[in-house]
Amino acid sequence: PTGGIILVAKTVQTQVRLSAMFAAREIKKEYVALVHGKLTGKGTLTSDIEGKDALTDYNAVRSIWAANLGGYITEVQLRPQTGRTHQLRRHMNS
């Protein structure tokens, strides 16, 4: 399942300001993911997606053994620095 918030502007002025803030990367996005496998530490993942750099900061919070899945599950905090299509999925799949 996916959860989160949706940011909606009630006025045109607010919409213009929010758009500018997103463009200037003043609004930071953070995600929590559960990934299959054991990941430790923190760092930055980099890759090329459709000819453009893609960067994601990650922090592995904890791993637990999931016997029903036959392996570890890791909770990871993700902070994309860029916004490429399916960037987080691609980085967690690598």
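The values are calculated or read from the model by the stated rules, or taken from the named source; none is laboratory data. This one's a predicted model, so the numbers in the text were calculated from it and none came from an experiment. Every residue, glycine among them, receives a Cβ derived from its backbone with ideal geometry; neighbour counts consider all protein chains shown. Surface accessibility is based on the protein's heavy atoms, side chains included, excluding ligands, DNA and RNA. Shrake-Rupley method; radii C 1.70, N 1.55, O 1.52, S 1.80 Å.
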So which residues in region 50-93 are open to solvent by 40 Å² or more (accessible area, probe 1.4 Å) and β-branched (Val, Ile, Thr)?
-> Val61, Ile64, Thr85
Odd one out for Gly43 among (1) modelled with pLDDT under 95; (2) more than 11 Å from the chain's Cα centre (by Cα); (3) outside any loop (DSSP other than H, G, I, E, B); (4) of a type outside the set (Phe, Trp, Tyr) = (1)
Mind checking which residues of region 71-87 are modelled with pLDDT of 95 or more and more than 11 Å from the chain's Cα centre (by Cα)?
-> Gly71, Tyr72, Ile73, Thr74, Glu75
Qualifying residue in region 8-30 (condition: of a type outside the set (Lys, Arg) and assigned to a strand (DSSP E or B)) | no
Any residue in region 44-55 that's in contact (Cβ under 8 Å) with a residue 40 or more places away in the chain: show its pairings with residues that are basic (Lys, Arg) at Cβ separation under 7 Å, as long as the two are six or more apart or on different chains.
-> Ser47/Arg90; Ile49/Arg84; Ile49/Arg90
Taking region 20-53, which residues are aliphatic (A, V, I, L, M) and touching a His at 6+ places or on another chain (Cβ under 7 Å)?
-> Leu45
